[in-house]
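K.L.:
The structure under discussion is supplied below as structure tokens; questions concerning it will follow.
The values are calculated or read from the model by the stated rules, or taken from the named source; none is laboratory data. Remember, predicted model here, so these are calculated numbers, not experimental data. Cβ placement follows ideal geometry from the backbone for every residue including glycine, while neighbour counts extend to all protein chains displayed. What goes into the accessible areas is simple: the full protein's heavy atoms, side chains included, and nothing from ligands, DNA or RNA. Shrake-Rupley method; radii C 1.70, N 1.55, O 1.52, S 1.80 Å.
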Amino acid sequence: LNHRSALAALGDAAHRPPYNAPHDAPVLYIKPRNTLALSGDIVRIPRGTLELEVGSCVGVVIGRAACKVSESRALEYVAGYLIVADVSIPHSNYHRPSIRFKARDGYCPLGPAVTARAAVANPDALTVRTYIDGTLVQTASTADLIRPAARLLADVTEFMTLAPGDVLALGAAAPAPRGRSGQTVTIEVGGLGSLSNPFMDASA
């Protein structure tokens, strides 16, 4: 929920119990090691599910241990950037997403490689384009993040230490594109390259 369009998509739900107001702190979830995949890897759609959501976003790769870093110095802890495909089974609860929807094997493709921090002039001015079978289905920008990269790093490391090699996804736009079996989802970010993954039924 760090992209303005994602928060706007919640509409009145952001004001309902148990929260009663839009969040004033980062809303996070973790993609464990089993979810990691590379460009070209097949993303499997489980039995009984027709399509998967793809949150297209930029990932910050941590270069050195970051704990309680200041916003002004936060980017000094960044090794570089890459593309993140945050894949999940469609679900409605974004404040407390279910692990079984978000943390399946291969549901976090990363790549195509880490682009060094020095090669990215401004992580808050990157265009993120998503294609399905070559057709453009979404265009977003990191300029529309609620918390820019440095602010998000400062807020997150206030309560948790990020280690070298950790990846912090900056946030995806809404509505998330959806991929079906037989389709290929490609995410392009200017300066970072492209990440492409075919979707197939788990039984295929």
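K.L.:
Under the rule a/c < 1.5 gives rounded, and otherwise a/b versus b/c splits prolate from oblate, where does segment 56-112 land using the Cα gyration tensor?
P.N.:
The shape class here is prolate.
K.L.:
For the chain, just say rounded, prolate or oblate: build the C-alpha gyration tensor, square-root its eigenvalues into a ≥ b ≥ c, call rounded for a/c under 1.5, and beyond that prolate if a/b exceeds b/c, oblate if not.
P.N.:
Judged from the Cα gyration tensor, the chain comes out oblate (a/c at least 1.5, b/c at or above a/b).
K.L.:
Hey, another quick one. Taking 41 Å as R0, compute the FRET efficiency from the Cβ-Cβ separation of residue 65 and residue 201 and round it to 0.05.
P.N.:
In this case the efficiency is close to 0.50.
K.L.:
Moving on. For residue 47 and residue 151, compute 0.36 nm times the residue count separating them, minus their Cα-Cα distance, and round to one decimal in nm.
P.N.:
The span from residue 47 to residue 151 would gain 33.5 nm if fully extended.
K.L.:
Give the peptides 138-144, 171-177, 109-115 in descending order of average Cβ contacts within 10 Å, highest first.
P.N.:
Details: 138-144: 17.0, 171-177: 21.1, 109-115: 19.4.
Packing proxy ranking, top to bottom: 171-177, 109-115, 138-144.
K.L.:
Let me ask something else about it. Can you give me the Cα centroid spacing of segment 175-204 and segment 71-87 in angstrom?
P.N.:
Here the answer is 22 Å between Cα centres.
K.L.:
Ignoring ligands, DNA and RNA, please state the percent of accessible area on the chain from carbon and sulfur, probe 1.4 Å.
P.N.:
Percent of accessible area from carbon and sulfur atoms in the chain: 52.
K.L.:
Extending each Cα 7 Å along its Cβ direction at residue 180 and residue 141, get the distance between those two points in nm, one decimal.
P.N.:
The answer from the label model is 3.3 nm.
K.L.:
For residue 37, list long-range residues whose amide hydrogen, built 1.01 Å from N in the peptide plane, is under 5 Å from its own amide hydrogen.
P.N.:
Answer set, sorted by chain and number: 108, 110.
K.L.:
Segment 86-139: which trypsin sites (Lys or Arg not before Pro) are DSSP loop and have at most 10 other beta-carbon atoms within 10 angstrom?
P.N.:
Details: sites: 100, 102, 104, 117, 129; in loops: 104.
The qualifying sites: there are none.
K.L.:
Continuing with this model, one more query. Scan segment 108-204 for chymotrypsin sites (Phe, Trp or Tyr not before Pro) in coil per DSSP, keeping those whose Cβ has at most 11 other Cβ atoms within 10 Å, and list them by number.
P.N.:
159
K.L.:
Could you pull the Cα extents of segment 82-199 along its three principal axes, largest to smallest, in whole Å?
P.N.:
Result for segment 82-199: principal-axis Cα extents of 40, 32, 25 Å.
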